[in-house]
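Participant: Here it is, the structure, as structure tokens.
The values are calculated or read from the model by the stated rules, or taken from the named source; none is laboratory data. Everything numeric here is computed off the predicted structure, so don't read it as measured data. Because the Cβ atoms are built from the backbone with ideal geometry, glycine has one as well, and the counts that use them run over all protein chains shown. Side chains included, ligands, DNA and RNA excluded: accessible areas come from the protein's heavy atoms. Shrake-Rupley method; radii C 1.70, N 1.55, O 1.52, S 1.80 Å.
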Amino acid sequence: EPFTFFFSSGVHQITLSVQKGNFAIDEISLSNDHASEPYAMIKAGYKRNAYAPTSNHLIKIEGERPILRSDPILQPQSDASGPATSPSDPVKIRMNTVGGYNWQYPHQWITWEFEVPESGLYNIATRARQTYNQGTLTTRRLLIDGEVPFAEADAIDFPYERDWYIRIIGEDEPYLFYLEKGRHEVSLEVVSGQMAETIRITEETVYRLNYAYRRIIMITGTNPDQFRDYYLEQEIPGLMENFAEAKEALIAEKRRLEQITGLRGAVTASFDRVILQLESFERRPYTIASRLTTYRDNIGALAGTMLSLKNQPLLIDYLLIASPDVELPKATAGFIPRTVFRLRRFFGSFSEDYSTVGEIYDK
């Protein structure tokens, strides 16, 4: 989220100083854009303006057909996991999805275009798959015609599941979006969402622990004598206080992660290891030097966890713009269609030549 700065009336100076690297500046702008209003206020506005829900409209937007994308790596991909993917073929390769690991970095976005036949209120849903970050959420910002319609659309979570699912924006109480008749654009952008504060605080803590490590090896070297007590708690002022503050910060962020995801697992395991080691250092500071390698490895694992929380991949099959009274399609096909699809795919593998590139077919 952008930082906000207070400026009093009058002339001010903004200074940028070089610390490392090169870059060019086109312009610097000041903006007083207000944050989006909460959905409750937007919904109250619908009532005041007598906006009514539409009926019997279902618009399908294929994910592999965007009109704009932020990166050239956001190319269409092929998914042959079942007949419910649109479009699908048990034998031919269909470029029928978009996203995945290519769509995981902050502020990457994809924009699609659609047309509504009638002005009124609609729901928005996606057929998505998030099988990448087990135990964590993937988050997207939703924009309609380049604007976030309300505050809740700024961070829409996609939980981890093993299969495709239909994600209606708003879940149990689907949000309503007012759309005028005609053409519109819908965009999804990668954001950190609820993870942002945890990522920021944990990165600061990792930096603090790495700084402590560098101060330690200035005394012990990278291969300390295991039979020598270096009295590090006395030689390095503030070392134990630094460890205590880092431990408390990690405990708080671990709890926050568990509340967000509702799970304990691989994501919080690296937090647990560092917390336990820091607690042990507090009780037995004379063992710090002998366990320096483990300390360094645990910090590296925690930094790796932060990287995985930053990267948020998501695969999109299609988006749906639907009237509230329309029943949405199922995310997966039934047992018999899936079985037939897999059998056709198996037998087709004996006749289809997937190694040849070129115009070798009639069409």
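Participant: Which whole-number value in Å² is the accessible area per residue of the chain, probe 1.4 Å? Could the numbers behind the result be given before it?
Facilitator: Details: 21780 Å² over 363 residues.
Heavy-atom SASA per residue in the chain reads 60 Å².
Participant: Follow-up question, since we're still on this one. Between V18 and V340, how high is the FRET efficiency from 1/(1 + (r/R0)^6) when r is the Cβ-Cβ distance and R₀ = 51 Å? Nearest 0.05.
Facilitator: 0.20
Participant: Let me ask something else. If you project the alpha carbons of the stretch 96-196 onto the principal axes, what extent comes out on each, in Å, largest first?
Facilitator: The Cα atoms of the stretch 96-196 stretch 40, 30, 27 Å along their principal axes.
Participant: List the relative contact order of the chain as a percent without decimals, with contacts defined as Cα pairs under 8 Å and 6+ residues apart.
Facilitator: Numbers: 574 pairs, mean separation 96.7, N = 363.
Averaging sequence separation for qualifying contacts and normalising by length gives 27 percent for the chain.
Participant: Ignoring ligands, DNA and RNA, please state the percent of accessible area on the chain from carbon and sulfur, probe 1.4 Å. Please list the in-between numbers first.
Facilitator: Working: 11080 of 21780 Å².
Here carbon and sulfur together make up 51 percent of the probe-accessible area.
Participant: Suppose each label sits 7 Å from its Cα in the direction of the beta carbon; what would the S78-D145 distance come out to in nanometres?
Facilitator: Going by the 7 Å Cα→Cβ label model, 4.0 nm.
Participant: Related question: Can you list the residues, at least 5 places off or on another chain, whose amide H is less than 5 Å from the amide H of T332, using H built in the peptide plane?
Facilitator: Close amide H contacts, sequence-distant or interchain: none at all.
Participant: Which peptide among 248-255, 93-100 comes first, and what is the full order, when sorted by highest mean count of other Cβ atoms within 10 Å?
Facilitator: Numbers: 248-255: 16.6, 93-100: 19.5.
Output ranking for 248-255, 93-100: 93-100, 248-255.
Participant: The chain: percent of C-alpha pairs farther apart than 32 Å? Don't jump to the answer; show the numbers that get you there.
Facilitator: Details: 33523 of 65703 pairs.
Of all Cα-Cα pairs in the chain, 51 percent lie more than 32 Å apart.
Participant: Summing Lys, Arg as +1 and Asp, Glu as -1, what charge do residues with Cβ under 13 Å from the Cβ of I166 carry, I166 excluded?
Facilitator: 0
Participant: Ok, one more. At 0.36 nm per residue, and after removing the present C-alpha to C-alpha distance, how many nm does the segment from I251 to M95 gain when stretched out fully? All intermediate terms of the calculation are to be shown ahead of the outcome.
Facilitator: Details: separation 156, 0.36 × 156 = 56.16 nm, distance 4.44 nm.
The span from I251 to M95 would gain 51.7 nm if fully extended.
Participant: Something else about it: For E118 and R183 in the same chain, what is the full-extension length gain: residue separation times 0.36 nm, less their Cα-Cα distance, in nm?
Facilitator: On the way: separation 65, 0.36 × 65 = 23.40 nm, distance 1.07 nm.
Separation in residues times 0.36 nm, less the Cα-Cα distance, equals 22.3 nm.
Participant: Also, quick follow-up: Find how much the distance from Q194 to K60 grows on full extension, using 0.36 nm per residue of separation minus their present alpha carbon separation; answer in nm with one decimal. Walk me through the intermediate numbers first.
Facilitator: Numbers: separation 134, 0.36 × 134 = 48.24 nm, distance 2.91 nm.
Stretched fully, the Q194-K60 segment lengthens by 45.3 nm.
Participant: Please sort 298-309, 233-244 by packing, taking for each peptide the average over its residues of neighbouring beta carbons within 10 angstrom, highest first. Could the numbers behind the result be given before it?
Facilitator: On the way: 298-309: 17.2, 233-244: 14.7.
Order by mean packing, descending: 298-309, 233-244.
Participant: Additional query: Just want the answer: with Cβ charges of +1 for Lys and Arg and -1 for Asp and Glu, which residue in Y207, G221, L239 is farthest toward the dipole's positive end in the stretch 200-278?
Facilitator: Y207
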